[in-house]
Structures are given as structure tokens and as C-alpha cells.
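Okay, so here's the structure we're looking at.
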Amino acid sequence: MKQAISSPDAPKAIGPYSPAIRTGGLLFVSGQIPLDPATGQMIDGDISAQTHRVLDNVGALLAAGGLTFADVVRTTIFLADLSDFTSVNAVYGTYFSEPAPARATVQVARLPKDARVEIDVIASYS
């Protein structure tokens, strides 16, 4: 059985997908971009501000599913420009503690709404 998870503190999906899905002992959080949950619009700011917004959106969905960043076991970071890696990594590190989740970071040609960063996560209820 799967259960859709959403939060008023995270943006609504911009397509035919759930913001997060709980199934079995896992919560899959869809890729989040720096959208303001109140307006649904991209936030202003540099890559650090955008990364904070993305991770705050992720955190809201984790909380709606009854979890925290400590429960995250896997993340993927998608960057429009890999030269933003250091700045994104600095912000990312403030949200996670040891042991940090497994992770992949990739540069992509383009992200939804021309975002500079998108992050998805998988968290465990165990």
C-alpha cells in the first residue's frame, strides 16, 4: 500500500506526481526546487538561498510523514551548474548529521522552472 504525503509548508506538485509517497518502511520525497510554498513561485536569491529553500521544502515533507533529516538514507542533488557544488554542499551539511545519507550529485542540462538546484530524498521509518 502507498500513501501520498503533502504539507502546507511545502509547494504543491507542479505536475502529475505526489510530493512524497510512503510505502512499506520508506518515504520517497519527490525532487524539490526552490519554490515558495505560499506563492508557488521561485524564490529570489543566490544558490545558497535556493538550497536552503529546497531543503526546507524537503524538511516540511519529512515532517508531514513523521520523519526528520536524521531518517534520510539517500539523496540526489541535481545542479544546473556543477560549479555551485561547494556552496550547495556547505548548506546541505547544515541539515544532516553523521552518519550522513548516501548521495549522488549530478549536473543536468535543465531543471523545472529553470531552477539551479533540485534535491530528492529517501527516508526510512526503521
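What follows draws every value from the coordinates through simple rules; no lab data is involved. A quick note: this is a predicted structure, and the numbers were derived from the prediction, not measured. Reconstructed Cβ throughout: ideal geometry from the backbone, glycine too, with neighbour counts over all protein chains shown.
Quick look at the values:
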item: The chain, Rg to Rh (Cα coordinates; Rh as Kirkwood inverse mean 1/r); result: 0.94
item: Proxy reagent accessibility, fewest Cβ within 10 Å first, across R110, R22, R103; result: R110, R103, R22
item: Loop-resident sites, the stretch 83-124, for chymotrypsin sites (Phe, Trp or Tyr not before Pro), counting at most 16 other Cβ within 10 Å (DSSP); result: F96
item: Residues with amide H under 5 Å from that of Q32, placed H, sequence gap 5 or more; result: I119, D120
item: Residues with amide H under 5 Å from that of Q107, placed H, sequence gap 5 or more; result: L79
item: Relative contact order of the chain, defined on C-alpha pairs under 8 angstrom at six or more residues apart (%); result: 32
item: Under 11 Å, Cβ to Cβ, from F96 - net charge with Lys/Arg +1 and Asp/Glu -1; result: -1
item: The chain: most fluctuating residue of D36, D84, D56 per GNM, C-alpha cutoff 10 Å; result: D84
item: Selection from A104, Y92, G25, by position along the positive dipole direction of the chain (Cβ); result: G25
item: 3J(HN,Hα) from dihedral phi, the stretch 115-120, Karplus parametrisation 6.51/-1.76/1.60, rounded to Hz, x for glycine, proline; result: 4, 8, 8, 9, 9, 10
item: Beta bridges per DSSP with both ends in the chain, % antiparallel, nearest 5; result: 80
